[in-house]
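Novice: Got a structure here, written out as structure tokens. Questions coming.
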Amino acid sequence: MTSNQILTSLVVLLSLFLVACTPAPSIDLSCDDFGATDTISKEIIVAPGDTFTVTLCSNATTGFRWTETPQISDTDVLMQMSHKFEPPKKTGMVGAAGTETWTFKALKSGTTTTQMTYSQPWGGGEKDAWVLNLSVVVK
């Protein structure tokens, strides 16, 4: 093996290592983030095939919950893979907030939007108390 081949092999191995160690992108918003405003808009840029998470503060004891299946404007570009609620980490605290987390997968290059709303789902319950508008750019 020549020194150029060895160098090329090392560069390829290092690149693969760096890609494997890069954490998946995520959006994490606390209750305090929504304290200043009712609506937050974010953008995330990912590559085709990437997955990413959105984690939002959620307090089920108030009767509010986030949209389980957010509206995705272009389902050819983005797919929701999962949604889960995590109760508060501090047990025994009445009224403590937990989180809701969605996992999405970028399917192909393009741009799409998704919206999540925090509402009381029953008739007469408060609607759209908080809103997350997310622009997803896949390139």
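The values are calculated or read from the model by the stated rules, or taken from the named source; none is laboratory data. Because the structure is predicted, anything quoted here is derived from the model rather than measured. When we count neighbours, we look across all protein chains shown, and the Cβ atoms used for this are built from the backbone with ideal geometry, even at glycine. Each accessible area value is taken on the protein alone, full model and side chains, heavy atoms only, with ligands, DNA and RNA left out. Shrake-Rupley method; radii C 1.70, N 1.55, O 1.52, S 1.80 Å.
Novice: Going by the structure shown, is LYS84 open to solvent by 70 Å² or more (accessible area, probe 1.4 Å), more than 18 Å from VAL136 (Cα to Cα), modelled with pLDDT of 95 or more and not β-branched (Val, Ile, Thr)? Spell out how you get there, then give the answer.
Specialist: On the way: open to solvent by 70 Å² or more (accessible area, probe 1.4 Å): yes; more than 18 Å from VAL136 (Cα to Cα): yes; modelled with pLDDT of 95 or more: yes; not β-branched (Val, Ile, Thr): yes.
The answer is yes for LYS84.
Novice: Which residues, counting only those in segment 87-122, are farther than 25 Å from SER73 by Cα and part of a strand (DSSP E or B)?
Specialist: Passing the criteria: only GLY98.
Novice: Among the residues of segment 25-59, write down those that are assigned to a loop (DSSP other than H, G, I, E, B) and either modelled with pLDDT under 95 or open to solvent by 70 Å² or more (accessible area, probe 1.4 Å) (or both).
Specialist: Applying the first criterion (assigned to a loop (DSSP other than H, G, I, E, B)) to segment 25-59 yields 25, 30, 36-38, 47-50, 59.
The answer is PRO25, SER30, ALA36, THR37, ASP38, ASN59.
Novice: Moving on to the next point. Considering only segment 127-137, I want to know if a residue exists there that is open to solvent by less than 50 Å² (accessible area, probe 1.4 Å), at pLDDT below 95 and closer than 20 Å to SER30 by Cβ.
Specialist: No, that holds for no residue.
Novice: Another question about this same structure. If the requirement is being modelled with pLDDT of 95 or more, surrounded by 13 or more Cβ atoms within 10 Å (Cβ to Cβ) and either under 19 Å from ASP28 (Cα atoms) or polar (S, T, N, Q) (or both), which of these qualifies: THR67, THR62, THR75, THR103? Let's see the steps before the verdict.
Specialist: Working: THR67 fails: modelled with pLDDT of 95 or more; THR62 fails: modelled with pLDDT of 95 or more; THR75 fails: surrounded by 13 or more Cβ atoms within 10 Å (Cβ to Cβ).
Going through THR67, THR62, THR75, THR103 in turn, the sole match is THR103.
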